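Comments concern the structure below.
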Amino acid sequence: MSRDRDPAGRPRNARPRDSLGRPLARGQEPGADWEPIPDDLALTGADAVRLADRLLRAGRAFPAHEVLEASWKCGPAGERDLWQGLAQIAVGYTHASRGNSRGAAALLRRGAQRVRDYRGRAGDEDPYGIDLPAVLAAADDLAARIERDGLSDIPPAELSLRLTRG
């Protein structure tokens, strides 16, 4: 089977996904919690943070990653490390939810480093209201727990993340 493509021939994946972001079989209907994120999503930084935060708090890291990835692709060049790092952290949470401890720890660490690189250059502790110290602490803590103990003792309720305070 050929891959879904947009009118310009760029690869797209129009297939619905399960709650962990895995494509469903062709013809299979998505669950009620499937919320497709358009490939061409363009939000302000503040709106992207609000949507990604809502999804992450609900334990829906994969669609949050898609929101953050869209911001990375269409946002200002000076914010690339911020958005890419946050997207990688969200993918780390996705891998943890899927039971992939190695991928989860690697992406959590890689994403946290990108966010640190951004923070070091920008000196901004809370761009768009993001609580960067808390996000970094959560990513580091989860990566360390996974590396030390694996995923078996981490309950699904602990695989959610808050980007903002409150």
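Where a number appears in this text, it was derived from the coordinates with a stated rule and is not lab data. This is a predicted model, so every value here is computed, not measured. All Cβ positions, even for glycine, are placed from backbone atoms using ideal geometry, and neighbour counts span all protein chains on display.
Take the Cβ-Cβ distance between Ala77 and Gln113 as r, set R0 to 25 Å, and report the resulting FRET efficiency rounded to the nearest 0.05.
Computed FRET efficiency for Ala77 and Gln113 comes out at 0.85.
Translational diffusion coefficient of segment 45-158 at 20 °C, 1.002 mPa s, Stokes-Einstein with Kirkwood Rh over Cα pairs, in µm²/s as a whole number.
It comes out at roughly 155 µm²/s.
If packing is taken as the average number of other Cβ atoms within 10 Å across a peptide's residues, how do 70-77, 123-130 rank, most packed first?
Working: 70-77: 16.5, 123-130: 14.4.
Ranked from most to least packed, the peptides come out as 70-77, 123-130.
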